[in-house]
Each structure stands twice: as C-alpha cells, then as structure tokens.
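**Q** Sharing a structure with you now.
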Amino acid sequence: MSSINTNASAMNALATLRNVNSNLGTTQDRISTGLKVSSGKDNAAYFAISETLKGDSGMTKAVNESLTLTKNSVATARLGAEQFSELASEFRDKVAFAQENKGGLTEIEADLTRLVADMTAIISQSTFNGDDLVNAEGTATDGSAAAPSTIDAATGVITDGTSGAKAPRQVVSGISRDSDGALSTTKISVSPVDLNGQREQFALIASGFATNAGNATTGEAFLAQVLTEADEAKTASVSAATTLGQAEKSIERQQEFLTKLSDNLDTGVGAMVDANMEEEAARLQALQVQQQLASQSLSIANQAPQNILSLFR
C-alpha cells in the first residue's frame, strides 16, 4: 500500500543514516583522542580500573622522583666519604713514616694538621640541598651534651666521647595496594655515617704530635698507639664509604624497578582504554561509504510519494 502520510521506507532509511552518523561520530572521536574508553559511559569497568591504575602509576613516578633527591644526597655523601678515606690513608702513612724517622716531626705535624683541615672542608661540603649524611654525631644516651673525645699524651690512647649516632633514616621506596585496595608503603633504610667522629680522632693525633712523639720517655709508645688509632679511624672511614655506597646502590635498584613498574602500569592502562588506530581507520572508511549509501537510500525513499502522482494522470 502506498501512502502520502506515512513513508516507511524513508523512516527506515533515516534510522539507518542516523545510526551510521552516530557510529561515525564515535569513530571520529576515538581517532581524535586516541581513546576507545574516555569516560565512564564508554565502559564503566574499564574506566574505573584504568583511573585507579593511572593513580598508582602517578604515585609510583612521584616516589621515584623523591628517591632521586635521596640518591643525590647519598651519592654526595659517598663521594665525600671516599675522599675522606683517601686523606685518612695519607694521614696514617705519615704517622707510620714517623715510627722510624724521629727527625722532621714538626713538619709531619704540620702535614697532619693540614690533612685534618682538608677533612673538615670535605665534611662541610658533603651535603646535598642541606642534607647532611656524613655527620651522624648525636647527643649522649642520657640526653646531656655530647662530651668530646680525648687523647692521652703519654700513651696515645684515644678515649671516645659520649656522643651517640643518629638513627637510620627511613625513606619511602614504593607504594602498593592490598586485595581491598588499601594503600601501604615500603621503605629503604639509609644510615648516616660519622665522619666528624673520625676527623676528631685524627685531629687529636695531630695536636701536639711533634712534642708527644719526640718525648724521650714515652715517644715510642705514643707513636705505636697513635698508629693503631689512625689505622682504626681509617678503617672506620672506609666502612662509612661502603655503607653509603650500599645505600646508593639499593636506591638505584629500587628506582630501576619503579621505572619498569610505572611503564607496566601505563601499558596496562593503554591496553584497556587506547583505541586501535588501524581498526579505527578501516572503520572510518567503511562508515563513510555507509553514510553515502544511507543518504542515497533516503533520497530514493523520499521520491516514493512523487510516484503516487502518476496514478492521477
């Protein structure tokens, strides 16, 4: 039956064209944004999961950046400790030289004093952005002011003061979620070292070295003991450099893992929400052809009422 009031063919053609235009708009949006899921209406589950993963990736990158600052502080302290250790070796060697060379003690003392001054300069410069990891000297265990170390002029024995060491620093190295989605943090321990304590021991040995080493009665015992003290202080400085080096390496390993983790999170998000550009390009061409055909179909359907006029001729 033909009707001039209802054109079913035109309505069907219009519905087809409307559907094609809608799909074409969706495809064009995916091509322009590069996303197949850009909001909750596209895919609520994927959108929720991807937003959570994006947040986790952002936190991981923030922790990584924060670790960079800590690593720079540790690296600066390590360089200082290694340079300090070299000076400690030179200091010990000069004390050893004095064991069988009683002449030139004044000159040796001057060299030792110069080395202590260089050690002091290194300690003051081994900080990054005000972060001091080489001067771990604290307060006495009873909370009183720290007492300085002393040296016996006759025996060369050094008595350590009552200062305590700073507690290890806990640095956030990662953030994770449990099965319920709650956040928890992991930490790396960074232990400050006490180069200033070693410098103080070297300073005590250097102070009055020529007078004490040249004493006819106690000079031999003094030289033997301060050589032992200098060697122990040298060993302690090497241990400090090693401790800082281990902490730096641990931070580097964690940063390498965090970088890979954030990359993996970003890849997972992309797999859920990124558009496949090859598919979208092929779909765009197909939809453009369908749009042209649907337009022609609608045009043909709209011509049907005109055919009714021929019935009245």
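The values are calculated or read from the model by the stated rules, or taken from the named source; none is laboratory data. Source: prediction; values computed, not measured. Methodologically, a virtual Cβ is constructed for each residue, glycine included, from the backbone with ideal geometry; neighbour enumeration extends over all protein chains shown. Accessible surface areas use protein heavy atoms only, side chains included; no ligands, DNA or RNA. Shrake-Rupley method; radii C 1.70, N 1.55, O 1.52, S 1.80 Å.
**Q** Rank-order 16-25, 220-229 by packing density, defined as the average count of other C-beta atoms within 10 Å over each peptide's residues, highest first.
**A** Highest mean packing first, the order is 220-229, 16-25.
**Q** Quick one: Cα centre-to-centre distance for region 41-112 and region 205-255, in angstrom?
**A** Going from one Cα centre to the other spans 20 Å.
**Q** Can you give me the Rg/Rh ratio for region 246-304, using Cα atoms for both radii and the Kirkwood formula for Rh?
**A** 1.58
**Q** Over region 156-231, calculate the relative contact order: mean separation of alpha carbon pairs under 8 Å at least 6 apart, over the residue count, as a percent.
**A** The normalised contact order for region 156-231 reaches 33 percent.
**Q** Still on this model: Would you mind checking the tilt of helix 44-97 against the longest principal axis of the Cα atoms of the chain, expressed as 0 to 90 degrees and rounded to 10?
**A** Rounded to the nearest ten degrees, it is 20.
**Q** Tally Lys/Arg at +1 and Asp/Glu at -1 over every other residue whose Cβ is under 11 Å from the Cβ of Ser85; what's the total?
**A** Once all neighbours under 11 Å are counted, the net charge is 0.
**Q** Nearest 20 debye, what's the magnitude of the dipole of region 193-313 about its Cα centre given +1 on Lys and Arg Cβ and -1 on Asp and Glu Cβ?
**A** Using Cβ point charges on Lys, Arg, Asp and Glu, region 193-313 gives about 820 debye.
**Q** If you don't mind, another one. If the cut-off is 15 Å between C-alpha atoms, which aspartates and glutamates fall inside it for Lys71, apart from same-chain ones fewer than 8 positions away?
**A** Here the aspartates and glutamates satisfying the reach criterion relative to Lys71 are Asp131, Asp132, Glu248, Glu252, Glu256.
**Q** How much length, in nm to one decimal, is gained on full extension between Ala271 and Glu90, taken as 0.36 nm per residue of separation minus their Cα-Cα distance?
**A** Full extension of this stretch gives 59.2 nm more.
**Q** What list of ³J(HN,Hα) values in whole Hz, one per residue of region 18-34 in order, does the Karplus curve 6.51 cos²θ - 1.76 cosθ + 1.60 (θ = phi - 60°) give from phi, with Gly and Pro shown as x?
**A** With the stated coefficients, region 18-34 comes to 5, 5, 5, 4, 5, 5, 5, x, 5, 5, 5, 5, 5, 5, 6, 9, x Hz.
**Q** If you roll a 1.4 Å probe over the heavy atoms of the protein chains, what accessible area per residue do you get for region 189-259, in Å²?
**A** So region 189-259 comes to 42 Å² accessible per residue, rounded to a whole number.
**Q** Let me ask another. Grab the Cα-Cα distance for Ala281 and Glu107, subtract it from 0.36 nm times how many residues apart they are, and report the gain in nm with one decimal.
**A** Residue separation times 0.36 nm, minus the Cα-Cα distance, leaves 54.3 nm.
**Q** A further question follows. Among 275-281, 234-240, 46-52, what's the highest-first ranking by average C-beta atoms within 10 angstrom per residue?
**A** Descending mean neighbour count gives 234-240, 46-52, 275-281.
**Q** Based on DSSP H runs of at least 4 residues, each adding -39500 (n - 2.57), what is the mean residue ellipticity at 222 nm of the chain after dividing by all its residues, to the nearest 500 deg cm²/dmol?
**A** That calculation yields -23000 deg cm²/dmol at 222 nm.
**Q** Further, regarding this structure: Dividing the alpha-carbon Rg of region 33-127 by 2.2 N^0.38 Å yields what?
**A** Normalised by 2.2 N^0.38 Å, the Cα Rg of region 33-127 equals 2.30.
**Q** OK, next. Given (i) 0.97; (ii) 2.01; (iii) 1.16, which label gives Cα Rg over 2.2 N^0.38 Å as computed from the coordinates?
**A** (ii)
**Q** For the chain, what relative contact order do you get, as a whole percent, if you take Cα pairs closer than 8 Å and at least 6 residues apart?
**A** Reported as a whole number, the value is 32 percent.
**Q** Further, regarding this structure: Quick one: which of 172-185, 246-259 comes out on top by average Cβ neighbours within 10 Å, and what's the full order, highest first?
**A** 246-259, 172-185
**Q** Which FRET efficiency, nearest 0.05, do Glu65 and Glu232 yield, Cβ-Cβ r, R0 30 Å?
**A** 0.15
**Q** Rounded to the nearest 0.05, what FRET efficiency do Lys260 and Ala44 have when you use their Cβ-Cβ distance and R0 = 22 Å?
**A** Computed FRET efficiency for Lys260 and Ala44: 0.15.
**Q** Using R₀ = 51 Å, calculate the FRET efficiency as 1/(1 + (r/R₀)^6) where r is the Cβ-Cβ separation of Ala153 and Lys249; round to 0.05.
**A** Working from the Cβ atoms, E equals 0.75.
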